[in-house]
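Beneath this line is the structure, given in structure tokens, with notes to follow.
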Amino acid sequence: MKIKVTTTSQDVPNDFITQHGADVIGVLSGFDRLRLKGTLRAFYRPQFMMGFLSRRSVLLKDFALFTKDWTERVRAAARQLAQEAKVPLTYLRGSSQRKEALAREQATHLGIQSGLLGVWSAVEPCLTYFVRKDAREKKLVLKLEPGKCLHYYFYYQHAQLGLLHLRLQTWFPFGLHVCVNGRHWLARQMDEAGLGYVQRENCFSWLQDPAKAQALARTQLQSSWPMLLQPLVEQCHPHSVELCRQSGLSYYWSVSESEYATDVMFQSPEALARLYPSLVHYGIKHFGSTDVLRFLGHKVQAHGRVSGKYQGQILTSLKHRPEGLRLKHEANGNSVKLYDKQGSVLRVETTLNRPHEFRVYRASERDPEQRMRWQVLRKSVGDLHRRAEIGEAINARYLQALASVQAKVSAGTVSRRVCQPLCKEGRHYRALNPWSAQDATLLETIARGEWMVSGFRNRDLRAALYPGQASADQQRRQAGKVTRALALLRAHGLIKKVSGSYRYQVTTNGRQIITALLAARQAEVEKLITLAA
């Protein structure tokens, strides 16, 4: 299923910031980790590789010697680079070691402020060529298959991009990976602009000017990635220049994985600590499958079903990590996560591993007239700006859904008024009773995530409350009951009419009250007794 997400400059978590504005000092959105992949694409086609070998008069029986010579040249260049930079080249027996931590330790030990911090090597899986015997054809054939070879990790304190690393495969077809961090990059941008900030690992707990910092983060999307990364490639893999000249190719850059983060910076760790447990509790208790899909851009119909033929798995998990408690919602390899980072930063982060589920408005590469239309989102860095739009929209929807959560405010305080009868415009309305099955079902239904943005109609609510077939007379009675229920909810200020339509939306105050009432209703008796003791 292809997802077309429309975003505008208004896609910001206004309700969440309004709700907690007294404690929030700024909001920053941008890429966190970006894992870019560089490939000489034609070399991954055995037919092209055979032609390349033929032009150099290399027989398949001599393929191993030919590629070994290239590998030795690549390894010699890595050793020479490390010697010139006066940093060690270290072999790791396992690939599970945190190389970034080793690079930071080495930079501190050697007193390196910029440039190459070190080179690490490890044997890891790769996709490479092997010469095999074809028993049927009785000849040698070239096969592109999974294998293992030595990889180099070059860690840099880059003048423009901050801390990054380049991973180089030492066997044909010499695949590359470059991992950059948008927050480290932004720190270099703010240094150049003279803006003050407090950085803790990969987030900022304070910004002198959040608006200017956000503007600088936006400029990252205007980068020409091939030009930006080419000097780094030539430094770590100098023989690529010759290889590209001989083959008539250049490295094609795509995005293997992207993390787009929205950070809400709080005044103090205490302010976030009061709120965060409530956010996690609300997310784990109330965000169902349809909510997760809606966050991730899937269209959810009014009756709660997902449009299209979605057949993937939806997972929600809660995990204790070194930096704090993490709540994660995942669907088909894409995910949205909630963190508390460095004590005072609330982070919502979207990770896209399967971009083909989304769409981008662009011209087709095969259309000579270059007509613009909605196309499948590519992994190419050319669609990176669209990834940012999608990530920001997902984060905004998630924060919007959390806007009703308050920190350490009792359910009685929040909901006292709606649990009392009232008189409005000469009409008397009864009190709401969240402990009754009828009112609890009504509140749970109007609080469903799929109606948060678009609202709901009388018939939507009727279909949700009274599923199944009904006669015409039964439908009229059900419609009357829903009309009276809507009037009751409007009188208590829980919902409002959308001007010029037949739709209703839950008010900001209504979300707070409903969240408090439903949380109190679902609380475990033992916990309530403990709290009352």
Pairs with Cβ under 7 Å, 6+ apart, first in the stretch 20-36 and closer than 13 Å to Leu275 by Cα and open to solvent by less than 20 Å² (accessible area, probe 1.4 Å), second of a type outside the set (A, V, I, L, M) and at pLDDT below 95: none
The stretch 362-383, residues that are free of Cβ contacts under 8 Å to residues at least 60 places away in the same chain and open to solvent by 80 Å² or more (accessible area, probe 1.4 Å): Glu365, Arg366, Pro368, Glu369, Gln370, Arg371, Met372, Arg373
Residue among Ile3, Ile17 that alone is of a type in the set (A, V, I, L, M, F, W, C), modelled with pLDDT under 95 and crowded, with 18+ Cβ neighbours inside 10 Å: Ile3
Out of Val141, Val119, Val58, sole residue that is buried (at least 18 other Cβ atoms within 10 Å of the Cβ) and more than 29 Å from the chain's Cα centre (by Cα): Val119
Test result for Ser335, open to solvent by less than 70 Å² (accessible area, probe 1.4 Å), touching a Lys or Arg at 6+ places or on another chain (Cβ under 9 Å) and among the polar types (S, T, N, Q): yes
Top-ranked residue in the stretch 128-161 [being out of contact with any Cys (no Cβ under 7 Å at 6 or more places or on another chain) and hydroxyl-bearing (Ser, Thr, Tyr); ranked as farthest from Arg98 (Cα to Cα)]: Tyr129
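Hey, can you tell me all the residues within the stretch 462-495 that are of a type in the set (A, V, I, L, M) and over 17 Å from Gly510 (Cα atoms)?
Hits for the stretch 462-495 are Ala463, Ala464, Leu465, Ala470, Ala472, Ala479, Val482.
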All positions within the stretch 68-90 that are buried (at least 16 other Cβ atoms within 10 Å of the Cβ) and of a type in the set (A, V, I, L, M): Val74, Ala77, Ala78, Leu81, Ala82, Ala85, Val87, Leu89
Test: Leu275 is out of contact with any Ser or Thr (no Cβ under 8 Å at 6 or more places or on another chain), within 23 Å of Lys379 (Cβ to Cβ) and open to solvent by less than 60 Å² (accessible area, probe 1.4 Å): no
Only listed residue being closer than 30 Å to Arg75 by Cα and buried (at least 16 other Cβ atoms within 10 Å of the Cβ), chosen from Cys236, Cys203: Cys236
All helices (runs of 4 or more DSSP H) inside the stretch 389-488 with 1 or more residues being closer than 30 Å to Ser335 by Cα and either open to solvent by less than 50 Å² (accessible area, probe 1.4 Å) or modelled with pLDDT under 85 (or both): 437-446, 458-465
Any pair with Cβ under 7 angstrom, 6 or more apart, that starts in the stretch 201-217 at a residue that is in contact (Cβ under 8 Å) with a residue 24 or more places away in the chain and ends at one that is open to solvent by less than 30 Å² (accessible area, probe 1.4 Å) and in a loop (DSSP other than H, G, I, E, B): Ser205/Ser344; Ala213/Leu195
Failed item in (1) within 30 Å of Glu242 (Cα to Cα); (2) assigned to a strand (DSSP E or B); (3) touching a helix residue (DSSP H, G or I) at 6+ places or on another chain (Cβ under 7 Å), with Glu124 passing the rest: (3)
Qualifying helices (runs of 4 or more DSSP H) (wholly inside the stretch 149-250; at least 3 residues being farther than 30 Å from Arg41 by Cα): 182-193, 210-219
Number of the exception - Leu65 against (1) within 13 Å of Tyr129 (Cβ to Cβ); (2) open to solvent by 10 Å² or more (accessible area, probe 1.4 Å): (1)
Single residue of the stretch 489-505 satisfying the filter (charged (D, E, K, R) and not in a strand (DSSP E or B)) that is most open to solvent (accessible area, probe 1.4 Å): Arg490
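The values are calculated or read from the model by the stated rules, or taken from the named source; none is laboratory data. Note that the structure is a prediction, hence the values are computed from the model and not measured. When we count neighbours, we look across all protein chains shown, and the Cβ atoms used for this are built from the backbone with ideal geometry, even at glycine. Side chains are part of the model used for accessible areas, which takes the heavy atoms of the whole protein and leaves out ligands, DNA and RNA. Shrake-Rupley method; radii C 1.70, N 1.55, O 1.52, S 1.80 Å.
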